[in-house]
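Trainee: Before we start, here is the structure in question, set down as structure tokens.
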Amino acid sequence: MKLGIIGLPGAGKTTVFEALTGEFSDAGGKTESRLGTIRVPDPRIDRLSEIYQPRKTIYAQVEYFLPGKSARTKESGKEDTSWTPVRDADALIHVIRNFTLFGLEAPNPAADFRTLDQELILMDLAQAEKRLERMDVEAHKAKKPDPEERELLEECHRALDAETPLRRLPDLAFAHKLRGYAFFSAKPMLVLFNNADEDDALPADDPVFAAEDRMIIRGKLEHELAQMSGDEAAELLTEFDISAAATDRVVKGSYRLLGLISFFTVGEDEVRAWTIKRGTVAVDAAEVIHSDIKKGFIRAEVVSYDDFMEAGSMAAAKKKGTFRLEGKTYEVQDGDIINFRFNV
């Protein structure tokens, strides 16, 4: 899972990126893009590792991508090349300034959100127009464009021209024939308000945020927290009444945004978390581990994490009847512990 961190200048994107990833840099003037990989905190994996004492413990991972400082459109609808890697992101984290700072105007989260969201829309509109124009040229040649793709693109164009981000139209945003376009405004978005140290409240409601997934982060405070030892961090969390560090909260928000869950495989060799979309069936979850397991799928041996912990062992779970055999179409649940039987 990869999330692109975007926002207007002065929003605190670098501070947020470093608070989330723990990767710090003194070179504030650098314009290079940055990529940070963190492991997804999961106390269930910690507990399973204590029980199995495996040779390896592997957590799920999240990548946060911070575009270079020039990554904004130079002219409306014209994409700066620094934006290109953002197209690969599964979702966007839109950091919005909600703190006062000397030399800057008072924060206006709604206006800032509209400004950057319109840039995303304009870049998508330019891309859709360019492709439609090419299709018109192709229509007069031997190569005829795909009529379904054209219809979808025209629908995108109408929505974007009406200043509607494509994420508002999920059936269109996730249409199979549009995947290659990787439209910016089609990506799920988490709006992250960057607050002052003492401010733990969302900004005043505005209709522009009505359909958005929103969270706050006290970026400067969390940046300091990320550089502290465990005891110091715990003390600061208590002092500022923070229930969980930003990494935990934003990762959970990212999972929720993308509809992701985790299942586990366990054993003496390895305890591991695997990330899948909610609603994934067993045979497709098997493919996440290896394509051969999907090809030779026989059955899935399943016990939920809670049932396993209540039973105390796999053998006890079998005796209690909470250890189950499931087929290809079983919908994997968050926290399932699974052993796949297969033959190739």
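Trainee: Suppose we keep only residues that are of a type in the set (A, V, I, L, M, F, W, C) and over 19 Å from residue 208 (Cβ atoms) within segment 151-180. Which one would you say is surrounded by the fewest Cβ atoms within 10 Å (Cβ to Cβ)?
Mentor: 174
Trainee: Is there a residue in segment 1-19 that is modelled with pLDDT of 90 or more and among the basic types (Lys, Arg)?
Mentor: Among the residues of segment 1-19, at least one is modelled with pLDDT of 90 or more and among the basic types (Lys, Arg), which makes the answer yes.
Trainee: Sort out which residues of segment 1-32 are surrounded by fewer than 16 Cβ atoms within 10 Å (Cβ to Cβ) and of a type in the set (Lys, Arg), and write them in order of number.
Mentor: Passing the criteria: only 30.
Trainee: Tell me yes or no: at least one residue of segment 123-131 is over 21 Å from residue 20 (Cβ atoms), of a type in the set (Asp, Glu) and modelled with pLDDT under 90.
Mentor: No; the residues of segment 123-131 include none that is over 21 Å from residue 20 (Cβ atoms), of a type in the set (Asp, Glu) and modelled with pLDDT under 90.
Trainee: Another question, if that's okay. Any chance you could count how many residues in segment 33-68 are over 19 Å from residue 313 (Cα atoms) and either surrounded by 12 or more Cβ atoms within 10 Å (Cβ to Cβ) or touching a Ser or Thr at 6+ places or on another chain (Cβ under 8 Å) (or both)?
Mentor: Residues flagged as over 19 Å from residue 313 (Cα atoms) and either surrounded by 12 or more Cβ atoms within 10 Å (Cβ to Cβ) or touching a Ser or Thr at 6+ places or on another chain (Cβ under 8 Å) (or both) within segment 33-68 amount to 21.
Trainee: For segment 315-330, which positions are under 20 Å from residue 49 (Cβ atoms) and either touching a residue at least 60 places away in the same chain (Cβ under 8 Å) or surrounded by fewer than 16 Cβ atoms within 10 Å (Cβ to Cβ) (or both)?
Mentor: If the condition is that a residue be under 20 Å from residue 49 (Cβ atoms) and either touching a residue at least 60 places away in the same chain (Cβ under 8 Å) or surrounded by fewer than 16 Cβ atoms within 10 Å (Cβ to Cβ) (or both), then 315, 316 are the ones that fit.
Trainee: Is there any pair with a first residue in segment 272-283 that is not aliphatic (A, V, I, L, M) and a second that is not in a loop (DSSP other than H, G, I, E, B) whose Cβ atoms are under 6 Å apart and which are 6 or more apart or on different chains, and what are they?
Mentor: If the second residue must be not in a loop (DSSP other than H, G, I, E, B), the pairs left are 272/58; 272/265; 274/263; 274/288; 275/260; 275/262; 278/261.
Trainee: Continuing with this model, one more query. Condition first: part of a strand (DSSP E or B) and of a type in the set (Val, Ile, Thr). Now tell me which residues in segment 312-344 satisfy that.
Mentor: Correct list: 337, 338.
Trainee: Go through segment 4-16 and count every residue that is closer than 18 Å to residue 84 by Cβ and in a helix (DSSP H, G or I).
Mentor: 1
Trainee: Let me ask another. Report yes if some residue within segment 209-228 is loosely packed, with under 15 Cβ neighbours inside 10 Å and over 30 Å from residue 24 (Cβ atoms); otherwise report no.
Mentor: The answer is yes; a qualifying residue exists.
Trainee: Considering only segment 332-344, how many residues are over 21 Å from residue 45 (Cα atoms) and out of contact with any Phe, Trp or Tyr (no Cβ under 6 Å at 6 or more places or on another chain)?
Mentor: 3
Trainee: Hey, can you tell me all the residues within segment 159-179 that are without any contact (Cβ under 8 Å) to a residue 24 or more places away in the chain and closer than 15 Å to residue 129 by Cα?
Mentor: The answer is 159, 162.
The values are calculated or read from the model by the stated rules, or taken from the named source; none is laboratory data. What you see is a predicted model, and the numbers here were worked out from it, not measured in a lab. Quick reminder, even Gly has a Cβ in these numbers, built from the backbone with ideal geometry, and neighbours come from all protein chains shown.
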